[in-house]
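Q: Supplied in C-alpha cells, the structure appears directly below.
The values are calculated or read from the model by the stated rules, or taken from the named source; none is laboratory data. All figures in this text were calculated on a predicted structure; none of them were measured in a lab. Quick reminder, even Gly has a Cβ in these numbers, built from the backbone with ideal geometry, and neighbours come from all protein chains shown. Please note that ligands, DNA and RNA were not included when accessible areas were found on the heavy atoms of the full protein model with its side chains. Shrake-Rupley method; radii C 1.70, N 1.55, O 1.52, S 1.80 Å.
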Amino acid sequence: MNIIFLGAPGAGKGTQADNVSTELNIPSISTGVMLREAVADKTVMGLKAKEYMDKGALVPDDVVISIIKERLVKPDCKNGFILDGFPRTVPQAEYLEKSGVVIDLVIDIDVPDEKIIERMSGRRVCPDCGASYHVVYKPSKKGDMCDKCGKGKLIVRNDDKPEVVLSRLQTYHEQTKPLKDFYAKKGILKTVIGQEEVADTTNLTFEVIKNFKNS
Ligand code: AP5
C-alpha cells in the first residue's frame, strides 16, 4: 500500500506516518528528515537546501525529486511506503505520476493555522536520531533528553522559530494546498481532522486506512 500524508507544517504528518509505518511494516519516507540529514552532513545539496529551509520556503523541485527518486528504488519500498512531506507542489505530484508510482491513498491531516502555531512552539526534536516530541502533547519520558535513542538533548528545530513558521504556513497555502484538489479529483483523498490528542488523530487515521482496505 502506498500512502501520502498531506497537511500543513506541524499538522502531525510525521507523527502519524511513524505510527502507520510501525503498524503496516512499511517505511515512512520524509523529505524533511532527509534534507535535514543532508544539512547536518554539510553536503553540497544540504547547504543549498538550508538556504530555503531557514526561510520557510520550499527546496527546488529538481532537488527533492532526485532525493525521492533514489529512495523509492530501495528494496524496503517493495511492499509499499508512506510519503511524509512529498509531494508538496503540483510538479512533484506530476513527477510521481509520470514515473508510474501508484498512490493508493492520500490522507490530509487538517489543522487550523492558529493550532499549528501553538504546536510548533512546543515541538522539540532529538538532534541525534530525529525523534520528535511536544512539551505538552507528547513529552519525552526523560525530560529534555530523547527517550528513543537515550543520547540526544532535545532542541527547537531551526525552522520552528515563530517568524519562519508563519512563512512556512504561507508557502503551504500557496503551493501545497492545491494538491488537495489534485488528489480529490482522482478520488483518493481522505481528510482526517487533527485532534487535540495525538492518540485521537491516530485512531481516525487507522479508521481511514481500515475503510480503504475494506472498500
Ligand atoms: P518537513 O520536515 O517535512 O516539515 P513540515 O511539512 O513543515 O512538517 P513538520 O515536520 O514541521 O510537521 P509534521 O506535519 O510532520 O508534524 P509533526 O508530526 O512533527 O520539511 C521541512 C522543510 O524541508 C520544508 O519547510 C521545506 O523547506 C523542505 N522540504 C521538505 N519536503 C519538501 C518537498 N517535498 N519539496 C520542497 N521542500 C521540501 O507534529 C508537529 C508537532 O505537533 C510535534 O511536536 C508533535 O508532537 C505535535 N503533535 C502532532 N500531532 C498532534 C496532535 N494530534 N495533538 C497535539 N500535538 C500534536
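Q: For the subset of the stretch 100-126 comprising residues that are away from the ligand (no atom under 14 Å from the Cβ) and not β-branched (Val, Ile, Thr), which member is farthest from residue 210 (Cα to Cα)?
A: Looking at residues that are away from the ligand (no atom under 14 Å from the Cβ) and not β-branched (Val, Ile, Thr), I get 100.
Q: Looking only at the stretch 152-188, count every residue that is charged (D, E, K, R), in a helix (DSSP H, G or I) and open to solvent by 40 Å² or more (accessible area, probe 1.4 Å) and tell me the total.
A: Number satisfying all stated conditions: 4.
Q: In the stretch 10-22, is there at least one residue being more than 9 Å from the ligand (Cβ to nearest atom), surrounded by fewer than 16 Cβ atoms within 10 Å (Cβ to Cβ), part of a helix (DSSP H, G or I) and at pLDDT 95 or above?
A: Yes; the residues of the stretch 10-22 include at least one that is more than 9 Å from the ligand (Cβ to nearest atom), surrounded by fewer than 16 Cβ atoms within 10 Å (Cβ to Cβ), part of a helix (DSSP H, G or I) and at pLDDT 95 or above.
Q: Another question about this same structure. For the stretch 98-117, does any single residue satisfy the condition of being exposed (fewer than 13 other Cβ atoms within 10 Å of the Cβ), modelled with pLDDT of 95 or more, more than 26 Å from residue 207 (Cα to Cα) and in contact with a Lys or Arg (Cβ under 8 Å, 6 or more places away or on another chain)?
A: yes
Q: While we're on this one: Any residue at all in the stretch 42-49 that is open to solvent by 20 Å² or more (accessible area, probe 1.4 Å), of a type outside the set (Val, Ile, Thr) and touching a residue at least 40 places away in the same chain (Cβ under 8 Å)?
A: no
Table: residues versus (1) of a type in the set (Val, Ile, Thr); (2) more than 7 Å from the ligand (Cβ to nearest atom); (3) part of a helix (DSSP H, G or I); (4) within 27 Å of residue 163 (Cα to Cα).
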| site | (1), (2), (3), (4) |
| --- | --- |
| 3 | yes, yes, no, no |
| 37 | no, yes, yes, yes |
| 52 | no, no, yes, yes |
| 88 | no, no, no, yes |
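Q: Which condition number in (1) more than 16 Å from the chain's Cα centre (by Cα); (2) over 23 Å from residue 132 (Cβ atoms) is the one that residue 65 fails?
A: Failing condition for residue 65: (1).
Q: Go through (1) within 12 Å of the ligand (Cβ to nearest atom); (2) open to solvent by 40 Å² or more (accessible area, probe 1.4 Å) one by one and return the number of the condition residue 78 breaks.
A: (1)
Q: A further question follows. For the stretch 137-151, what are the residues that are part of a loop (DSSP other than H, G, I, E, B), more than 13 Å from the ligand (Cβ to nearest atom) and out of contact with any strand residue (DSSP E or B) (no Cβ under 9 Å at 6 or more places or on another chain)?
A: Passing the criteria: 141, 143, 149.
Q: Please go through the stretch 81-92 and pick out each residue that is buried (at least 20 other Cβ atoms within 10 Å of the Cβ) and among the hydrophobic types (A, V, I, L, M, F, W, C).
A: Within the stretch 81-92, 81, 82, 83, 86 meet the criteria.
Q: Looking at (1) farther than 21 Å from residue 88 by Cβ; (2) touching a Ser or Thr at 6+ places or on another chain (Cβ under 8 Å); (3) surrounded by 16 or more Cβ atoms within 10 Å (Cβ to Cβ), which one does residue 194 not meet, given that it meets all the others?
A: (1)
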